[in-house]
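Below you'll find the structure, written out as structure tokens, and then a few comments.
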Amino acid sequence: MPLQKKIQVIKEVGEEILTEEELKTLLEKKEHLIAYDGFEPSGTSIHIAQGLLRTININKMTAAGCKFKMLIADWHAWANNKMSGDLEKIQKVGNFYIEVWKACDMDIKNVEFVWASDLAKDTNYWKMVMNVARNSSMQRILRTVEIMGRSEKETLHASQIFYPCMQAADIFYLKADICQLGMDQRKVNVLAREVGEKLGLWKPIVVSHHMLMGLGEPPKEGLEGAERGIALKMSKSKPDTAIFMLDTKEDVERKIKKAYCPEKKTEENPMLEYCKYIIFEKVDEIKIKRPEKFGGNLTIGSYQELEDIYASGALHPMDLKTVVAEYLNQLMDPIRKKLHDNKKAMKLYEEIKGFEVTR
């Protein structure tokens, strides 16, 4: 793939890139960059942003020549008291996630799954964690706690102070050129860039992808910046705010039907987000069936065309919801079938869906 095309594809993934010039320079010097993401196994299922959307983004990165390291952050989830702090349960959830990614047709040949618990067996890893901690103030670490879905105002466990130090250390231990995580992880990636220079290592490039909204109405006031971002995104602990990869056709239709979707509003509208970041990534056009008295059928060939039509009021929220549910189910049907046919995946799922989810 030509250099400019690689940059274009990576920019499709990154809502923000720190920095684009550094990315260009590195791509000119190195044929196969190492990109990494880390996932905290922390729920009894995996939602569409973690499953299907994550696969879309990773496959773009590998198409652009990146080798991807997916860190299953079991020790991080343990430190963060997920699944009641039961490491064995956390690891079962992590194994289920891997089966879902395979069913989503993630580019597995260019993705290496790495367990944090394996990193933890190496004293060199803990030396790196200690070096990050020694070169960071407590105040600087506390400014990163949104990566755990926490706020600086919360009372934290001592274990949670290790989390940002571990996550920054992961980047260098895995020799990652690119941190390809969500916008909610931006602060710790910036910390890694700062610490990398102090330690005489390197400044990892940060390609931060968009965080898909949950289905509920956004908070009206009182939250800004990081706190608002946490409140907007999908939550595994609030099942009706998210579409899960094993939700039935009826589940998807029910959740979409009651989702937030104000007429003519294009900002912070989850239905349009699903169209932009998932549906139009998978299809070239969408067809909307309507009676003639409501404007007749529509064929829409791009997300921007859809947004313009919706903003004008020519498309009713219920018609948009109907088409979102229809296309999501079309995309999820083959994934659901693969998972239901996968004995290992279903055995894990039947076990973990009875686990208690702790925030």
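Values computed for the structure shown
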item	result
Candidates D170, D122, D118 - the one that is under 19 Å from the mean Cα position of the chain (by Cα) and either surrounded by fewer than 17 Cβ atoms within 10 Å (Cβ to Cβ) or not hydrophobic (A, V, I, L, M, F, W, C) (or both)	D170
The range 20-42, residues that are under 19 Å from F113 (Cα atoms) and out of contact with any helix residue (DSSP H, G or I) (no Cβ under 7 Å at 6 or more places or on another chain)	H32, I34, D37
All positions within the range 251-274 that are under 12 Å from D240 (Cα atoms) and free of Cβ contacts under 8 Å to residues at least 60 places away in the same chain	D251, R254, K255, K258, Y260
Residue in the range 210-225 that is over 22 Å from Y36 (Cα atoms), surrounded by fewer than 18 Cβ atoms within 10 Å (Cβ to Cβ) and at pLDDT 95 or above present	no
Flag for D107 being touching a residue at least 40 places away in the same chain (Cβ under 8 Å) and out of contact with any Lys or Arg (no Cβ under 8 Å at 6 or more places or on another chain)	yes
Conditions (1) more than 22 Å from the chain's Cα centre (by Cα); (2) within 30 Å of G85 (Cα to Cα); number of the one not met by I352	(1)
Near pairs, Cβ below 9 angstrom, 6+ apart or cross-chain, from the range 341-357 (under 14 Å from S42 (Cβ atoms) and touching a residue at least 40 places away in the same chain (Cβ under 8 Å)) to any residue that is β-branched (V, I, T) and in a helix (DSSP H, G or I)	I352/V93; F355/V93
Leading residue by the ranking (surrounded by the most Cβ atoms within 10 Å (Cβ to Cβ)) among those in the range 1-47 that are within 24 Å of C104 (Cα to Cα) and acidic (D, E)	E40
Residue pairs meeting the criteria (Cβ under 7 Å; at least 6 apart or on separate chains; first without any contact (Cβ under 8 Å) to a residue 12 or more places away in the chain, in the range 308-322; second part of a loop (DSSP other than H, G, I, E, B))	I309/L315
Count of the range 329-352 residues which are surrounded by 12 or more Cβ atoms within 10 Å (Cβ to Cβ) and either small (G, A, S) or farther than 16 Å from Q91 by Cβ (or both)	13
Hey, H47 at pLDDT below 95 and either in contact with a helix residue (DSSP H, G or I) (Cβ under 6 Å, 6 or more places away or on another chain) or among the hydrophobic types (A, V, I, L, M, F, W, C) (or both) or not	no
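The values are calculated or read from the model by the stated rules, or taken from the named source; none is laboratory data. Quick caveat, the model's predicted, so the values are computed rather than measured. Using ideal geometry, Cβ is built from the backbone for each residue, glycine included, and neighbour counts are taken over all protein chains shown.
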